[in-house]
Amino acid sequence: MKIETLRWAGNKLEMIDQRILPAAFEYSSYDSAASVADGIRSMVVRGAPAIGVAAAYGVALEALRLQGAFTTAFESGMEAGFTVLAQSRPTAVNLFWGLERMRRVWGSMAGQDNAAVARRLLDEAHEIRSEDIRINRAMGAFGAELLPDGARVLTHCNAGALATAGHGTALGILRSAVEAGKKISVIADETRPFLQGARLTAWEMVQENIPVTLITDNMAGFMMSRGEVDAVVVGTDRVAANGDVANKIGTYMVAVLARRHGIPFYVACPLSTIDLAVRDGAAIPIEERSAEEVTGFRDAQWAAKGVKVRNPAFDITPAELVTALVTEKGVVNRPNRENIAGLFRS
Ligand code: MRU
């Protein structure tokens, strides 16, 4: 089964509702910037590249919705659309990257009628979606070469087809290695509190018969200490100019453990996830999510009522713990300010 996280159907955007996977597989439909922003905020769609693609469609949908309006109403409506989308989630830079790209296209259409602008914006959203799959395939090919045949690879969260327009970044590397004939098995961290590993990564791998073993997050050290992990491959939400990596909460813990056990720690990172405007990881905004995600899950609540809770959704892995970034332009060993800047020069 091909996983189409986002698809265009009947002049609307449809997205797999990732909140209910794997118990149910359903698409929800979106027809405006505000509705897409809501889908991003409520985690119907999640994962940095997928959020970027969804935001681009949100802009196009808003233009289609407003195309019959007078110029001033069209312009103010579009601005409101950009704002609501930009406020949906703070950490993944792909969201802002996608919005900026759409804004540039809009800016290049000055003086053209609304319908032409809307058509052009929709074409751009389609292009961003297709490009994302091409980029993931390119990263997959580079990353697959890093993994030995028979590798047992630990991953955290979900950086798979569901987190992108298709193929995935971290899971894309694993898929490409499997396609290249390597025997790869996956160890999926459960990824508390939202369970992206247990619900989404495990589901994706099971769909494709790629051997996968689910562990809770606190088992990673045990597995590594027993020699049961050969490499770690994760995705990222934002990489700072110095190579510090923001990714799902718990990634830092895995990186420290990997260093302790001499296990390579690879980060799949499309160029759209690198934020040269951010000097280092300390400046990356970290989303804090609701206490209910920590005190229970869905209807089950297990923590003592009234307890104080912290729920940062991401953490920062310092560049020094990263063996390599895998980008669509190639592998960047021991990322630092110089080799990251170099990616944008050629
Ligand atoms: O909160 P989420 O599920 O959006 O977090 C997703 C992650 O942290 C992923 O690892 C990251 O976005 C990379 S996805 C290719």
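The values are calculated or read from the model by the stated rules, or taken from the named source; none is laboratory data. Note that the structure is a prediction, hence the values are computed from the model and not measured. Here the Cβ is made from the backbone with ideal geometry for all residues, glycine too, and neighbour counts use every protein chain on show. Calculation scope for accessible area: heavy atoms of the full protein, side chains included, ligands and nucleic acids excluded. Shrake-Rupley method; radii C 1.70, N 1.55, O 1.52, S 1.80 Å.
A compact table of results
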{"item": "Conditions (1) closer than 16 Å to ARG119 by Cβ; (2) free of Cβ contacts under 8 Å to residues at least 40 places away in the same chain: number failed by PHE70", "result": "(1)"}
{"item": "Residue in region 309-332 that is under 22 Å from GLY250 (Cα atoms), assigned to a loop (DSSP other than H, G, I, E, B) and aromatic (Phe, Trp, Tyr) present", "result": "no"}
{"item": "Residues being part of a helix (DSSP H, G or I) and within 16 Å of the ligand (Cβ to nearest atom) - total across region 87-108", "result": "6"}
{"item": "Meets criteria (under 21 Å from the mean Cα position of the chain (by Cα) and either within 26 Å of PHE297 (Cα to Cα) or open to solvent by 40 Å² or more (accessible area, probe 1.4 Å) (or both)) for GLU4", "result": "yes"}
{"item": "Residues (of a type in the set (Val, Ile, Thr), under 13 Å from the mean Cα position of the chain (by Cα) and either open to solvent by 10 Å² or more (accessible area, probe 1.4 Å) or more than 16 Å from the ligand (Cβ to nearest atom) (or both)) located in region 250-279", "result": "ILE274"}
{"item": "Exclusive hit being open to solvent by 20 Å² or more (accessible area, probe 1.4 Å), more than 14 Å from the ligand (Cβ to nearest atom), at pLDDT below 95 and outside any helix (DSSP H, G or I), set GLY111, GLY150", "result": "GLY111"}
{"item": "Number of the condition not met by ILE133 [criteria: (1) open to solvent by 30 Å² or more (accessible area, probe 1.4 Å); (2) closer than 30 Å to GLY221 by Cβ; (3) out of contact with any strand residue (DSSP E or B) (no Cβ under 9 Å at 6 or more places or on another chain)]", "result": "(2)"}
{"item": "Residues of region 166-207 that turn out to be out of contact with any Lys or Arg (no Cβ under 7 Å at 6 or more places or on another chain) and not in a helix (DSSP H, G or I), as a count", "result": "15"}
{"item": "Where a residue in region 156-168 is more than 11 Å from GLU204 (Cβ to Cβ) and its partner, wherever it lies, is outside any loop (DSSP other than H, G, I, E, B) and at pLDDT below 95, with Cβ under 6 Å and at least six apart", "result": "none"}
